Each structure stands twice: as structure tokens, then as C-alpha cells.
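Student: Pasting a structure here, questions to come.
The values are calculated or read from the model by the stated rules, or taken from the named source; none is laboratory data. Predicted, not measured: the structure shown is a model, and the values here were computed from it. Glycine also receives a Cβ, built like all others from the backbone with ideal geometry; neighbour counts cover every protein chain displayed.
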Amino acid sequence: MDDYFSYRQESLYAEQVPLDEIAQRFGTPCYVYSRAALESAYREFDQTLASHPHLVCYAVKANPNLAILNLFARLGAGFDIVSGGELQRVLAAGGAAEKIVFSGVGKRGDEMRLALQAGILCFNVESAAELERLNRVAGEMGKIAPVSLRVNPDVDAKTHPYISTGLKQSKFGVAYDEALNLYRRAADMPHLRVTGIDCHIGSQLTEVSPFIAAAEKVLVLVDRLAAEGIKLDHFDFGGGLGICYDNETPPAITAYARALLEVLQGRSARLIIEPGRALVGNAGVLLTRVEYLKHGEDRNFAIVDAAMNDLMRPALYDAFHAIRPAQRSATPTRVYEVVGPVCESGDFLGHARELGIAAGDVLAVMSAGAYGMSMSSNYNTRPRAAEVMVDGESVHLVRERETVMQLYADEKIIG
């Protein structure tokens, strides 16, 4: 991250551009992304896996901005989607339908039809009921739906319970012990074609071992399927590789990718992975301006113009994001609760941060490229932030700030 967001003298830069200049030009709150950081992370995955047939499918839910999707599409990425809306976003951004995998536990019939019409690579099916529906919808359209089953290997991802998806009590996937019979059923359905197997155990994983345990367990099932004549074209081992927000030590992208290749030695099926956070998390920051400093007997508050509606992760997960001044100064430091203006006690961006700041200063909330803008809302009738992409010395507005009028434009008053 420090290669793309770093201090020069006393100013914090995104690539070649000072962040306080971006805040002055585009206002705050504002998301800022580094094109170089995005490209570097993608290429690290792609190049490390170059010795094996593979497809890096970006998990769109992490950040669905069209500029980011288009950038990854031009680099050759595929996409992991979880809704019909994400499908339409990917196609609008120039993504190739034949590189899209469709995940998610609640696919509607109309979403299935959209995906079948587009000609996506695969549906990652997560229940017997979904398998039946997909077979019916494909039959009504006169099409054959390519499918894999998302198998739940009951592996502990050792992450926050809200983002752990591979345990047997999870809503995701089909139980490992039921997968073989469900594959048999899928192979017999006239409008389905079994093409692969899928596994995703959670997000923000900081160890390689859970990935490998899950992959090895899935490959045992692959061999049982092959013995019954069900040959698979691809193995999808999902995403979930973590990043450093504070003092975590997640595996390097290269270490993670090489570990997967080691597990796959002697197998020729294509490897699909679905990184999201690892591609965009440290490629973005959220800029916010200090509105007031409120000094109390027990706590000091830095009240900023960004809030939980702009960045939900701290309120939702008690997640840590580093907070840095865009311009360092000689102002004496104090310990602050960094909070927003939303009327909730849970509206905070950081607890007990030592900062030397004054009203009007710009702060950068670091590692905000993943699940920042994508989870934002209009709570308290707050327009969502602008989004900016930095490319060397150039700055591009990739999403304009919403207006209040846009928020109520579709509402009607009754007589």
C-alpha cells in the first residue's frame, strides 16, 4: 500500500497526486483509487498462476465501480457475480460473459434468464432447490445451463463470523456429504451440464492453511466424481485472501497462489479463483474532512463529514482502518474518537486514534477500496460519495457525488 499511498515531506499522496488537492477539487467524503495498485495486484495473481490454466474472476461485490470493472476486463479478468445487477454492470463495463461465474444462494428466475441469455461461463449452484429451478428455466429457454456445485467443506476460515462461509452451519453451499448425490442428480438433468466444482470458505483469511485444507477436501470429491464418469473442466477455489488493515500478516499473493498450484500438481483442469478484497482493498482510501473537534472530560471526538453510511465496516464488523492526516502538521496530538454525523452511537470510523489535527483538516481512511462504496447507503438522506481514480499524475472522476434531489426523485406524494 505504501507504494501507492505514501507521504512526501508532509503530504500524503495517491501515486503522484496529493490527497488534499483531490479533496479540494472533488469535495469530501470522496473515495480515491490507485490504478497502479489495482493493476499490480491483478498481475501478481495472474503471473504467479501462469504455469497452470487459470482464470482470475474478480469478486464484483467488493467494489462494482465501472472504471474498476473495465480496468480488470482489459487486463483479462473474469468476474464473480452474485446478482443480476452485477451481471449487467460487468457487461456494461466491457466484461466478457464467457468469463463470468454466478454465485449466491438466492438466484431468482429472472436473474437466471439474464445470465443464460448472456452466455455466462458457469452457475455456482448452492442448493438442490436452485438446481431444480435452473434446470426448469434453462429448459423453458431451450438452453443448457453450465453448472458447478458450491461445496461446503466444513473448514474453519478463522475469520470474523459474519464473513466465514465454509462451516456446516453456514447458509452457503451444499453439505460435503450430500454433494456426490447432488452431482449425480445434476448429471441426469436434461438442461444442465456439469462443468466444475466450487468452494469458498470466507473472507479476510490471514493464513494459507484453511485454503489448502478446503482444496484438498474438494479434490477428494473430484476423484470420486471422476470414478463415476463425471469429469470436471474447472476447479473454483473461491476467494477470501486477506489484506493488512492494522497488524495482520496475511500471506502474500504469490505465496497463496503457489500453494494452490502445489495442491493441483498433476491435474489439468482450469483453476478459477475469485479474489475481491485482495485486489481492491488496499488500492483505495476514503477522504473525509474534520468538521469539529469536541474535547470532553473522558473522551475527545473528531467529528468528520464521512459516516457509517459511507464506510460501514467499522460499525458492522468493528473493523479497523488506519486513519492518516492528508497533511501532517505540528499540531499537538490528542487521542480521538473519529466519528461521523449520523445519529447513531455506532457511527464511528476509528476508536482511540492519536492525531494532531484541527477543524478543516482532511483525513484519509486507509484500506477502504473493498466493501466501502459497495456497502454504502443513503441513511439520514446523505448522498453517496464521489469516486476518483488516480493514474500517475492524472485524476479522473469515475462517479459523481449524488445529490439530495436524486435521492427522492422517484418518490411520490399521495393526495
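Student: For segment 386-403, which residues satisfy the criterion of being of a type in the set (Val, Ile, Thr), surrounded by fewer than 11 Cβ atoms within 10 Å (Cβ to Cβ) and over 15 Å from Pro29 (Cα atoms)?
Tutor: Listed by number, the list is empty, since nothing qualifies.
Student: Which one is farthest from Thr403 (Cα to Cα), of the residues in segment 9-30 that are in a strand (DSSP E or B) and touching a residue at least 40 places away in the same chain (Cβ under 8 Å)?
Tutor: Of all residues in segment 9-30, those in a strand (DSSP E or B) come to 11-14, 17-18, 30.
With the extra rule that they be touching a residue at least 40 places away in the same chain (Cβ under 8 Å), the set shrinks to 11-12, 14, 17-18, 30.
Numbers: Ser11: 30, Leu12: 28, Ala14: 26, Val17: 26, Pro18: 26, Cys30: 14 Å.
That would be Ser11.
Student: Here's something else I'd like to know. What are the residues in segment 193-230 that are part of a strand (DSSP E or B) and in contact with a Lys or Arg (Cβ under 9 Å, 6 or more places away or on another chain), if any?
Tutor: Val194, Gly196, Ile197, Asp198, Gly202, Leu205
Student: Go through segment 327-356 and give me each residue that's hydrophobic (A, V, I, L, M, F, W, C) and under 11 Å from Val304 (Cα atoms).
Tutor: Of everything in segment 327-356, those that are hydrophobic (A, V, I, L, M, F, W, C) and under 11 Å from Val304 (Cα atoms) turn out to be Val338, Val339, Val342, Phe348, Leu349.
Student: Within the group Pro251, Pro190, which residue is part of a loop (DSSP other than H, G, I, E, B), over 30 Å from Arg35 (Cα atoms) and either of a type in the set (A, V, I, L, M) or touching a residue at least 40 places away in the same chain (Cβ under 8 Å) (or both)?
Tutor: Testing whether each residue is part of a loop (DSSP other than H, G, I, E, B), over 30 Å from Arg35 (Cα atoms) and either of a type in the set (A, V, I, L, M) or touching a residue at least 40 places away in the same chain (Cβ under 8 Å) (or both) leaves just Pro190.
Student: Would you kindly identify the strands (runs of 3 or more DSSP E) lying entirely within segment 281-377 that contain at least 3 residues that are at pLDDT 95 or above and β-branched (Val, Ile, Thr)?
Tutor: 284-295, 334-339
For every residue, the table says whether it meets (1) of a type outside the set (Ser, Thr, Tyr); (2) surrounded by fewer than 17 Cβ atoms within 10 Å (Cβ to Cβ); (3) in contact (Cβ under 8 Å) with a residue 60 or more places away in the chain.
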site: Ser377; (1), (2), (3): no, yes, yes
site: Asn380; (1), (2), (3): yes, yes, yes
site: Arg384; (1), (2), (3): yes, no, yes
site: Met405; (1), (2), (3): yes, yes, no
site: Lys412; (1), (2), (3): yes, yes, no
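Student: So the check is Cβ under 7 Å with 6+ separation or different chains; which pairs have a first residue in segment 338-357 that's in contact (Cβ under 8 Å) with a residue 40 or more places away in the chain and a second one that's in a loop (DSSP other than H, G, I, E, B) and β-branched (Val, Ile, Thr)?
Tutor: Leu355/Thr333; Ile357/Thr331
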